[in-house]
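Heads up: the structure comes next, in structure tokens.
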Amino acid sequence: SKTSETCVVQTETDEEVAGTGFSPTCLSPNSFSPGPRSARPDGGESADPGLARLDLARTRGRLAVRRRRAGDRFFPLGSSGTTTLKRFFIDRKIPRERREDVPIVTLDDLPIWVVGERIDDRFKVTSETTEVLELRASQPD
């Protein structure tokens, strides 16, 4: 069940994420329990590309949304190690002209969610998870 506690997603500047097609709408810690609102037990991705579920205990720090930066690295869910966002976008066949528009959720400036694509494996929900941080990005009306 949801708690009334909420977190704030910071953006560096309005221009930083303007035109990305997504805007963060809520970050809410939830008690972890099996069911339709929880991540798959294997830590797999949600069927909703605008939804990320992360282990709350691992996400302590400053959350922000920004565009990608040269040299950004992350550990895509299910991969064997870290990669650059540039390589991730190429491997996912994301068109070059769209790459700058993909919002990146960061924790203390470390990319943890490429919105609409994949979370960082180090922050996934596992059998050890007791609370889930749910991040939802929505397209503007």
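A compact table of results
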| quantity | calculated |
| --- | --- |
| Residue identified as out of contact with any Pro (no Cβ under 9 Å at 6 or more places or on another chain), closer than 19 Å to GLY50 by Cα and open to solvent by less than 20 Å² (accessible area, probe 1.4 Å) among LEU135, LEU107 | LEU107 |
| Candidate set from segment 75-98 (those that are open to solvent by 40 Å² or more (accessible area, probe 1.4 Å) and assigned to a helix (DSSP H, G or I)); member that is nearest to ARG62 (Cα to Cα) | LYS86 |
| Count - residues of segment 82-120 that are more than 10 Å from the chain's Cα centre (by Cα) and at positive phi | 3 |
| Answer residue from segment 99-120, given it is outside any strand (DSSP E or B) and without any contact (Cβ under 8 Å) to a residue 60 or more places away in the chain and is nearest to LEU56 (Cα to Cα) among those | ASP108 |
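The values are calculated or read from the model by the stated rules, or taken from the named source; none is laboratory data. Quick caveat: nothing in here was measured; it's all calculated off a predicted structure. Positions of Cβ are generated from backbone atoms using ideal geometry, with glycine treated the same way; all protein chains shown enter the neighbour counts. Only protein heavy atoms, including side chains, enter the accessible area calculation; ligands, DNA and RNA are left aside. Shrake-Rupley method; radii C 1.70, N 1.55, O 1.52, S 1.80 Å.
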